[in-house]
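The values are calculated or read from the model by the stated rules, or taken from the named source; none is laboratory data. A quick note: this is a predicted structure, and the numbers were derived from the prediction, not measured. Backbone-built Cβ (ideal geometry, glycine too); neighbour counts: all protein chains shown.
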Protein chains: 2
Amino acid sequence: MRPTVNDIAREAGVSLATVDRVLNARPGVREKTIKAVNDAIARLGYVRDLSAANLARSRTYRMAVVLPDTESQFVQTLADTFREAGHLAATTRIDLTLHRFPSEDPHALAAMLLELPARGHAGVALMAPETPVLRDAVRALRSRGLPVVALVSDLPNTARDHFIGTDNRAAGRTAGVLMGRFLGGGPGQVLVLGSSLLARDMIERRRGFDEVMLRDFPGIEVLQSLETHGSGRTLRQVVTEMLANAPDVRGIYAMGDGHRALTQALQEMGLSGKLTVICHELTPHTRKALLAGEITAVIAQNPGHLARSTLRVLRAKVDNLPLDEGQEQIRIEIVLRENLPPGPDDSRDSATGLPAAAP
Amino acid sequence: MRPTVNDIAREAGVSLATVDRVLNARPGVREKTIKAVNDAIARLGYVRDLSAANLARSRTYRMAVVLPDTESQFVQTLADTFREAGHLAATTRIDLTLHRFPSEDPHALAAMLLELPARGHAGVALMAPETPVLRDAVRALRSRGLPVVALVSDLPNTARDHFIGTDNRAAGRTAGVLMGRFLGGGPGQVLVLGSSLLARDMIERRRGFDEVMLRDFPGIEVLQSLETHGSGRTLRQVVTEMLANAPDVRGIYAMGDGHRALTQALQEMGLSGKLTVICHELTPHTRKALLAGEITAVIAQNPGHLARSTLRVLRAKVDNLPLDEGQEQIRIEIVLRENLPPGPDDSRDSATGLPAAAP
DNA sequence: CACGAAATGAGGTACGCACCTCAAAATTGC
DNA sequence: GCAATTTTGAGGTGCGTACCTCATTTCGTG
């Protein structure tokens, strides 16, 4: 049987009230007594029963998840996952609220963030580009005691409590090796697309990609990054133009979103399945494109893991508890058609485990 | 505020005792009343407060994890992970016991399993090859009400409650695409090694691998599987002999363990880094070999996830609760040097994120 | 309608902890 | 050594649920 507060009281030779005072850092206990209690705790190996504690407190953790209102399928999926996780989290006394902010308006974001403490939020998870206004807002939140965790894209200069997401540079490197090896080391050219070339995650991915290409695959020429500004139209235009003029392009690395526009452009040019296409994030669309052979590989982070990890980390930070680093490591997943996890609407050939369409 | 049992009683117009009888499926309630209570539950959206329930039950779940006593690093890692998870699990009232059995003695395994219920175990997770004796033992356990989950390697003919692990055929397919693409589609030969060619997981991996190679990479010749019987000496002998006589071998797919012997043999022949080597499971050794460029890719399943998932599933099965399928899906991870998650004893070059050794 | 059986109600205790009050004891300052 | 102050003890209540007992009501049946 695990020791309880009563055992500690007995062991330390004090009353239950004193143990309680020490455990919950209430005032009015001599240093000497505090030590005696802590010694007893150490001796017995006592661990507070968190569920009982929370039950007694009848406490609910009000957490805010703040995402941009991009139409990107990845962000949508993430939002859905959080919503779902929020329902399940009710069991753990977590009350999740999802907030979206206009992706191009850092001031609106900051204003929204600063309202959170007044609304009783105890912690914030935030996916947003780092701007000066944001830095100030995060600092303000933290000084009010709210833990802030960065989501997907890190905010290294804000003293956020934690970052939950993949190492984007390593992700770029991974895309690099795959591209290089899939192209047999060259020769050929590779196109790189990014929604915004200024965003921190794009920069890091590009950096990792270039690193590997330069070092390990000198026979492959990586063309200048093309910016799509998150617009499908721009993307199609840019890609079509580029491919028409560069017959040696054998691979495309899409660092941001806009996969729909990309596959569509490729289809129109009759290039579907003829190029090595690597992109990020597993969404309904990239799933389909993978299965159809239009996309070769997807570098992904698991939204379910992201969401669950976020809740665990926020909770731990609020309670000031240590966390299991291993569990909170978000892996850089490589998804090919062959290891695509079964999805919700999956009609695969039960014999081969693959769709009818030939590779 | 979430509704409680008292709210249900009021809403359904019955007493608390009756609600309790319905909730815990105790006898002595008319169908009609049961329906009334369930309707009230549905109307209020009541969800049982699990932590309070477990507190009241003051129940500890005694779970058994049964692993072979192989010296394989993967099994060792798995055992360590379970041991570690067991400590953490104390918080969730789970009392974990690790059992090992002589891997070549199915009868000893069966005997061990049959002892578990008497020792108060409430659930069993089992990693073992399927044999007739085992089938009987599993059936016996289940008829006594103990949920049994298969670990890593499925036991499809035993009516186990759940399988926790990757789809080995899909894993084999994944190895196949990687091999095929990394070899540029051929020409060349590929060597396949397996510890035991009769084990179900080996058969499935091989099947998946062949499927992809035959269909997508006809230019690559897959040689007959070599059996190593889990012995490092046999492996070295077989590999050395084979490589000496087959100069066209450009890739090796190691389906089982024995990576130490393999990399050693390659080193001795001066072939380190010159072949495409794909193997399974991330262990201290495969990590090192990946970093050193001796192994090209590792197909892995995350032991931490495996362990946590096992505990969650067992608990859910014991309590007869539904599970979050998405969370329990064990992914087929592809690990390259570039996306190798940071390990415990990692001394990487902080600039490149890679070790000093050139590729 | 009466009888036994089945269904239900009322109420209590416990789980491990948080949080509160009030009195008693120990310590401090003077 | 006394009063003022700080520290400690004893005890209670509640969180939401499980599980138990014993009375009371309702039901089906002859």
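Considering each of B:Ala254, B:Ala297 in turn, give the residue that is closer than 19 Å to B:Gly184 by Cα and touching a Cys at 6+ places or on another chain (Cβ under 9 Å).
Answer to the selection: B:Ala297.
Within the stretch A:32-56, track down each residue that is charged (D, E, K, R) and more than 8 Å from DNA strand D (Cβ to nearest atom). Talk me through it step by step, then tell me what you get.
Initially, the stretch A:32-56 is screened for residues charged (D, E, K, R), giving A:32, A:35, A:39, A:43, A:48-49.
Correct list: A:Lys35, A:Asp39, A:Arg43, A:Arg48, A:Asp49.
Using the structure shown, decide if B:Glu84 is part of a helix (DSSP H, G or I), closer than 29 Å to B:Pro284 by Cβ and not aromatic (Phe, Trp, Tyr). Reasoning before the result, please.
Working: part of a helix (DSSP H, G or I): yes; closer than 29 Å to B:Pro284 by Cβ: yes; not aromatic (Phe, Trp, Tyr): yes.
So B:Glu84 passes the test.
Kindly evaluate B:Ala111 against the criterion of being surrounded by fewer than 19 Cβ atoms within 10 Å (Cβ to Cβ), of a type in the set (Gly, Ala, Ser), outside the structural domain of B:Lys317 (by TED's automatic domain parsing) and free of Cβ contacts under 8 Å to residues at least 60 places away in the same chain.
Criteria not met by B:Ala111.
Being more than 7 Å from DNA strand D (Cβ to nearest atom) and either within 14 Å of chain A (Cβ to nearest Cβ) or in contact with a His (Cβ under 9 Å, 6 or more places away or on another chain) (or both) is the filter here; which residues of the stretch B:1-10 pass it? Full working, then the answer.
Quick first cut of the stretch B:1-10, residues more than 7 Å from DNA strand D (Cβ to nearest atom) only: B:3, B:7-10.
B:Pro3, the sole residue that qualifies.
Looking for whichever is surrounded by 18 or more Cβ atoms within 10 Å (Cβ to Cβ), in contact with a His (Cβ under 6 Å, 6 or more places away or on another chain), within 14 Å of chain A (Cβ to nearest Cβ) and within 20 Å of B:Met202 (Cα to Cα) here; the options are B:Ile295, B:Ile299. Which one fits? Spell out how you get there, then give the answer.
Numbers: B:Ile295 fails: in contact with a His (Cβ under 6 Å, 6 or more places away or on another chain).
The unique qualifying residue is B:Ile299.
Out of all the residues in the stretch A:177-211, which are in a strand (DSSP E or B) and among the hydrophobic types (A, V, I, L, M, F, W, C)? Talk me through it step by step, then tell me what you get.
To start, the set of residues in the stretch A:177-211 that are in a strand (DSSP E or B) comprises A:188-194.
Hits for the stretch A:177-211 are A:Val190, A:Leu191, A:Val192, A:Leu193.
A quick yes/no check of all residues on (1) assigned to a helix (DSSP H, G or I); (2) more than 30 Å from the chain's Cα centre (by Cα):
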site	(1), (2)
B:Asp39	yes, yes
B:Ala42	yes, yes
B:Val47	no, yes
B:Ser51	yes, no
B:Asn54	yes, no
B:Arg59	no, no
B:Val65	no, no
B:Glu71	no, no
B:Leu78	yes, no
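Quick one: B:Val22 ticks every box in (1) in a helix (DSSP H, G or I); (2) within 10 Å of DNA strand D (Cβ to nearest atom); (3) touching a Pro at 6+ places or on another chain (Cβ under 6 Å) except a single one, so which number is it?
With respect to (1) in a helix (DSSP H, G or I); (2) within 10 Å of DNA strand D (Cβ to nearest atom); (3) touching a Pro at 6+ places or on another chain (Cβ under 6 Å), B:Val22 is out only on (3).
Restricting the search to the stretch B:166-224, which residues are facing another protein chain (nearest Cβ under 10 Å) and more than 24 Å from A:Val177 (Cβ to Cβ)?
B:Asp167, B:Arg169, B:Glu211, B:Arg215
Mind listing whichever residues of the stretch A:79-93 are away from every other protein chain (no Cβ under 12 Å) and touching a Ser or Thr at 6+ places or on another chain (Cβ under 9 Å)? Talk me through it step by step, then tell me what you get.
Step one: of the stretch A:79-93, the residues away from every other protein chain (no Cβ under 12 Å) are A:79, A:82-83, A:86.
A:Phe82, A:Gly86 - these are the residues of the stretch A:79-93 that are away from every other protein chain (no Cβ under 12 Å) and touching a Ser or Thr at 6+ places or on another chain (Cβ under 9 Å).
Kindly list the number of the only condition in (1) in contact with a strand residue (DSSP E or B) (Cβ under 9 Å, 6 or more places away or on another chain); (2) within 14 Å of chain B (Cβ to nearest Cβ) that fails for A:Val138.
Against the list (1) in contact with a strand residue (DSSP E or B) (Cβ under 9 Å, 6 or more places away or on another chain); (2) within 14 Å of chain B (Cβ to nearest Cβ), A:Val138 comes up short only on (2).
Just the residues that are within 26 Å of B:Ser58 (Cα to Cα), in contact with a strand residue (DSSP E or B) (Cβ under 8 Å, 6 or more places away or on another chain) and modelled with pLDDT of 80 or more, please, taken from the stretch B:68-96.
Within the stretch B:68-96, B:Phe82, B:Arg83, B:Ala85, B:Ile94, B:Asp95, B:Leu96 qualify.
All but one of (1) at pLDDT 90 or above; (2) more than 11 Å from every other protein chain (Cβ to nearest Cβ); (3) surrounded by fewer than 17 Cβ atoms within 10 Å (Cβ to Cβ) hold for B:Glu104, so report the exception by its number.
(1)
Can you find even one residue in the stretch B:116-123 that is more than 30 Å from B:Ala254 (Cα to Cα), more than 14 Å from chain A (Cβ to nearest Cβ) and either in contact with an Asp or Glu (Cβ under 7 Å, 6 or more places away or on another chain) or modelled with pLDDT of 95 or more (or both)?
no
Among A:Gly13, A:Gly28, A:Gly86, which is away from DNA strand D (no atom under 16 Å from the Cβ), free of Cβ contacts under 8 Å to residues at least 40 places away in the same chain and among the small types (Gly, Ala, Ser)?
Numbers: A:Gly13 fails: away from DNA strand D (no atom under 16 Å from the Cβ); A:Gly28 fails: away from DNA strand D (no atom under 16 Å from the Cβ).
When all the criteria are applied, what remains is A:Gly86.
If a residue has to be under 17 Å from B:Arg2 (Cα atoms) and polar (S, T, N, Q) to count, how many in the stretch B:23-43 make the cut?
1
Tally the residues that are under 20 Å from A:Val47 (Cβ atoms) and polar (S, T, N, Q), restricting the search to the stretch A:1-34.
Number of matching residues: 4.
Considering every residue within the stretch A:206-213, establish whether at least one is out of contact with any strand residue (DSSP E or B) (no Cβ under 8 Å at 6 or more places or on another chain), buried (at least 18 other Cβ atoms within 10 Å of the Cβ) and either more than 30 Å from A:Ala128 (Cβ to Cβ) or not β-branched (Val, Ile, Thr) (or both).
Restricting attention to the stretch A:206-213, the residues satisfying the condition of being out of contact with any strand residue (DSSP E or B) (no Cβ under 8 Å at 6 or more places or on another chain) are A:207-208, A:211-212.
Pick out the ones that are also buried (at least 18 other Cβ atoms within 10 Å of the Cβ) and you get A:208, A:211-212.
Checking which are either more than 30 Å from A:Ala128 (Cβ to Cβ) or not β-branched (Val, Ile, Thr) (or both) leaves us with A:208, A:211.
Checked against the condition, which is being out of contact with any strand residue (DSSP E or B) (no Cβ under 8 Å at 6 or more places or on another chain), buried (at least 18 other Cβ atoms within 10 Å of the Cβ) and either more than 30 Å from A:Ala128 (Cβ to Cβ) or not β-branched (Val, Ile, Thr) (or both), the stretch A:206-213 yields at least one hit.
Given the condition within 30 Å of A:Ala128 (Cβ to Cβ) and surrounded by fewer than 23 Cβ atoms within 10 Å (Cβ to Cβ), answer yes or no: does some residue in the stretch A:174-183 qualify?
no
Which residue is farthest from DNA strand C (Cβ to nearest atom), if the candidates are limited to the stretch A:31-59 and must be in contact (Cβ under 8 Å) with a residue 24 or more places away in the chain and away from chain B (no Cβ under 14 Å)?
For the stretch A:31-59, the residue satisfying everything is A:Asp39.
State which residue is farthest from the chain's Cα centre (by Cα) when the search covers only the stretch B:184-205 and only residues that are within 14 Å of B:Tyr253 (Cα to Cα), surrounded by fewer than 21 Cβ atoms within 10 Å (Cβ to Cβ) and among the hydrophobic types (A, V, I, L, M, F, W, C).
The extreme case among them is B:Leu197.
Can you tell me which condition A:Ala85 does not meet? The list is (1) at positive phi; (2) of a type outside the set (S, T, N, Q); (3) away from DNA strand C (no atom under 12 Å from the Cβ), and all the others hold.
(1)
Would you check if there is a residue in the stretch A:159-174 being out of contact with any Phe, Trp or Tyr (no Cβ under 7 Å at 6 or more places or on another chain) and modelled with pLDDT under 90?
Yes, because at least one residue in the stretch A:159-174 is out of contact with any Phe, Trp or Tyr (no Cβ under 7 Å at 6 or more places or on another chain) and modelled with pLDDT under 90.
For B:Leu340, are the conditions met, namely being in contact (Cβ under 8 Å) with a residue 40 or more places away in the chain and touching a Lys or Arg at 6+ places or on another chain (Cβ under 7 Å)? Can you show your working first?
Numbers: in contact (Cβ under 8 Å) with a residue 40 or more places away in the chain: yes; touching a Lys or Arg at 6+ places or on another chain (Cβ under 7 Å): yes.
So B:Leu340 passes the test.
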